[in-house]
Amino acid sequence: MKKYERHQMAILKTMIKKALFLIGILCFILCVIHLVNRVKILENQIEKLSIEQVFAQAKTDEEIFDNTTITPEVQTSEVQTSEVQTSEVQTSEVQTSETQTSETESTTQAQPEETSVEEENSKIVYLTFDDGPSSNTNAILDILKEYNVKATFFVNGKTDEISKEGYKRIVEEGHTLAMHSYTHVYKEVYASKEAFLEDVYRLQNYLFDLTGTKPIYYRFPGGSSNTISEMDMQIFIQALHEEGMEYFDWNVANGDGGNKELTTDQILTNVWNDIPKYEHSMILMHDSVQKGFTVEALPEMIKQLQEAGYTILPIDDTTPLIQHIRDNSIENNSQ
C-alpha cells in the first residue's frame, strides 16, 4: 500500500513540475510578445520622428543656402561699393562650402515655443523681411499700410539715399526695425566674437543715427543653425545676450530665398504648408531688388491670414522666442 502511495506521489510531483514548466514557458512567450509589440511601436515612432526631422532639416538647409546667394544692391557710397564686391566673392565661397557640407551636417530645428502673453485663443503670425532696405521696401510698406499690418524688417547696412529713407519710413510707420548684420559677409561677421560685435554695433549705431531708434533684435545671417560659421554659434548667441540683445530665427518660409522666381500660388502653398503647425508662426521673406514676386504675393497672403482669423504682429518684448539653436548657458542655468 505504501509503495502504491509513493508511486502516486511521484506521479503527482512530476505533473506539478510539468505544469509549472508549461506555465513558465507561457509567461515567457507572453513577455516576448509584449516586448516585440513595444519595439514595433518605438520603431514606428522613431521612423515618424526621423522623417519629420529630415524634412524639416532639408527645408532649413535650403533656406540657409538660399540666404547666401543674396546679390547686394549697388550703393552710392564708395565704401559700400567695396563691401558689395567683397560680398559677391564671399557668396561664391559660401555656396561651395554649403554644397559640400549640406549633405553631411545637420541643422537643428526651431525649438518648442515658450508660453506667450498673447491672447490664448488667437493664432499669431509674424511677417519678417530680411536683407532690406531695397527698391521694393516702399511697395512692401504700402501694402502693410493698406491692410493695417505691422511687420519686422531685419536690415543690413546700406548708405544710399533710398535705403536711408527706407529705414526711416519703417520706424515712422510703427514697424519693428531689427538687425541682420551690417555687411552680410559671413567670413567677416563670424570671424571672431570681437568682429561679430563690431559688426553688430556698427549697424546699431548707424540705424540709431538715422532713425533715433536703437534696435535690439537680431537675425543671424544664415540663421542661428547655419553651417557656414567656422566658430561655434554659441559664442555669438551668448555675445548677443551679454549685450542685452535677442535673436530670432523662423519656423515658416515663403520659399523666396533662392534664385528661382516663384508664383503667388507657390508662395502661398509654401506658407500654408507650415503655418497650421504652430500657435506662433514666424515667416521668413526677403526684401531685395530681385524679390518682386514676394511683393506681388504679399497682399493675398495677408488677406488669407486675416480671413483665417490670424493676428499679425511685429516682433516685440512679448514675442515667443523662435530659435533654431538656444543659448546653452541659459538652459544649463535653468536646470
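Where a number appears in this text, it was derived from the coordinates with a stated rule and is not lab data. Everything numeric here is computed off the predicted structure, so don't read it as measured data. Cβ sites come from the backbone with ideal geometry, for glycine too, and all protein chains shown count toward neighbours.
Miscellaneous remarks
- Reference-scaled alpha-carbon Rg (2.2 N^0.38 Å with N residues) for the range 120-249: 1.07
- Amide H contacts of residue 282 (H built 1.01 Å from N, in plane; Pro and chain starts excluded): 126, 251, 252 sit under 5 Å, all sequence-distant by 5 or more or on other chains.
- The orientation-averaged shadow of the Cα convex hull for the range 210-335, equal to a quarter of the hull surface, comes to 10.2 nm².
- Scanning residues 5 or more positions from residue 136 or on other chains, none has an amide H under 5 Å from its amide H, with H placed 1.01 Å from N in the peptide plane.
- Summing charges over neighbours of residue 164, with a neighbour being any other residue whose Cβ is under 12 Å away from its Cβ, gives -1 when K and R count +1 and D and E count -1.
- Net charge of neighbours whose Cβ lies under 11 Å from the Cβ of residue 153, counting Lys and Arg as +1 and Asp and Glu as -1: -1
- Near residue 247, the amide H atoms lying under 5 Å from its own belong to 218; only residues 5 or more places off or on other chains count, and H is placed 1.01 Å from N.
- A Cβ-based charge dipole, computed about the Cα centre of the range 221-291 with Lys and Arg at +1 and Asp and Glu at -1, lands at about 300 debye.
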